[in-house]
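Data first, discussion second: the structure below is written as C-alpha cells.
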Amino acid sequence: MSALLASLAPSRSRRSLDEVKALLALAGPIMVAQLANTAMGFVDTVMAGRVGPRDLAAVALGNSIWVPMLLLMGGILLATTAKVSRKVGAGTYVLIGPLVRQALWLALTIGLIAAALLLCAEPILVLMQVEASLRTTTMGYLQAVALGFPALALYQVLRGFSDGLGSTRPTMVIGLLGLLLNIPLNYIFIYGKLGLPAMGGVGCGWATALVLWFMLGAMLWWVHWAPVYRSSQLFERLEWPQWPEIRTLLTLGLPIGIAIFAEASIFSVIALLIGSLGASVVAGHQVALNFSSMVFMIPYSLAMATTVRVGQALGRGAPRDARFSAGVAMATALVYACLSASLMLLLRADIARLYTPDTEVLAVASALLMYSALFQFSDAIQVTAAGALRGYHDTRATMLITLLAYWGIGLPIGYSLGLSELLGLPSGPAGLWQGLVIGLTCAAVLLGVRLQRIARSAVRS
C-alpha cells in the first residue's frame, strides 16, 4: 500500500490530477447507471406497495432471490471488462471480437440456467415457510423476471465490452432510459391499463423483463452503429462456442462472482439473524444498509473504472503506469471515504429521519450509521483494491480473501458480539455491525497487501 501511495509524489501532482480526471471520466457514467438500477428497485417497491402489503412483500421476497443471482452472474461476466481492457492497451483490437463472441455464448448459457432456476424457485419459498397466497404472487413475479434474465446476461457482456474500451457513456444513457421506461410499464402492468388485467406485484416482474430486453436491444444498436466499436469487428462473423476461451473467461470471472456474492449476501444473513429482535431493529438495520449501499455506489464505480485503467496499462506493457493508476484510485477512494464518513458521523440522525419518523427505528438506524461511517475507509480500500486486482487478472486470491474476511472473521465475531454470550452480554445489531467493521478492515488490509505485491511483481518482471 505504501509503495502504491508513494508513487503520488508532489512532482507528479499534475500527472496525478490527469489520472484522477481519467478515472472520474470512466467512473461517472458507471455511477449514474448504478444509481439508475437502484432507482428501478425503488420504483418497483413504491408502486407495488400502493397496491397492498402482499404485493409489496412478494416483490421484496422475489428480489431476495433473484438479486443475489444477478450479482453472481454479473460478477462472472465482469471478466469481459478485464480481458477487453488488456487487449485495448495492447492494441490488438482484432482479438476483441472473438473474445466478446465467446463471452456472449457464456452469458446466454448462464442466463438460461438462471432463468430456469427462477422458474423452479418455489421450493425455496416453501422452505422459508411463506404462506400460500404470498407464495403464488412471489412465484408469478419471479417467473416474469426470469424471462428477462437471458437478456440481462447478454447485456452485461456488451456493457463489459463497452466499459473495457473506455466507453462508459452508453451504460449511463441506457440505464437512464431503462429507468424512464420502467415507470410507465409498471403503471400499465400493475394497475391494468391499455386493456390488460391488473397484475399487482406480478406486473413489476413483467415490466422488469421488458426493460431488460429493451436495454439489450439498445446496447446492441449502440455497439453496432457507434464508430468506437468498429475496429473490434464484433459482428464480422458468427462463431460457435469454443471451450478453451470460455474456460479462460470462467477461470477469471467465477472468483469475481463468488467474491461479490459473498460480500453482498452477508448483509442478507445479518438481516435474517436480527429478525428475532423485533421489527424496529430490522427496520433500523434496513435504513442504515440502504443509505450505506447508496454511498457505496461511488467507490464501486471507481473500482470498475480502475479495472479498465489498470488493464489498459498492462496491455500496452506499462506496469509502472498500472501501479500508478491503482495508487491514484486508492488515494481518490480514501478522499471520498473521508467525506462520506464525516457526513454520516455529523448527520446520521438527520439521515435516518429521511426514512422514518419512528423514534425506535431512528435510534437503531442512527447508531448503526455510526458503524457505517467507521467502515467507509475499509470499504473504499477493499473495493478499489479488488477492482485493481481484476485489472491484473488476479481474482482467485481476491475471492479467498473475501470469503475469509467476511465469512471466516467478520460474521463469526459479529455473531459472538451481537447474539451470543461468548464475548460478554450480547449487544444486538451493534455487535453484528461491529463484526462488519472488523471483516471489512481485514479485507482492506489483505487486499491492499495483495495489490502491492502483485503491482511490484509486475514492475519487476
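Computed from the coordinates by the stated procedures, all read-outs in this text should not be read as laboratory data. Owing to the predicted nature of the structure, the values given are computational and were not obtained by experimental measurement. Methodologically, a virtual Cβ is constructed for each residue, glycine included, from the backbone with ideal geometry; neighbour enumeration extends over all protein chains shown.
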Fully extended contour minus Cα-Cα distance, from LEU422 to TRP221, at 0.36 nm per residue: 66.5 nm
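Can you work out the FRET efficiency for the pair VAL126 and PHE267, with r the C-beta to C-beta distance and R0 = 22 Å, to the nearest 0.05?
With R0 = 22 Å, the Cβ-Cβ based efficiency is 0.35.
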Distance in nm between ARG237 and VAL335 label points, each 7 Å along Cα→Cβ, equals 4.7
Mind jotting down the distance between the C-alpha centroids of region 54-84 and region 362-415, whole Å? 19
Separation of the ARG14 and THR136 label points, Cα + 7 Å toward Cβ, nm: 7.2
How would GLU131, GLU245 line up from fewest to most surrounding beta-carbon atoms within 10 angstrom? GLU131, GLU245
Measuring from label point to label point, each 7 Å out along Cα→Cβ, what is the ARG316 to VAL228 span in nm? 1.6
Mean separation of Cα contacts under 8 Å (at least 6 apart) over the residue count of the chain, i.e. the relative contact order in percent, is 22
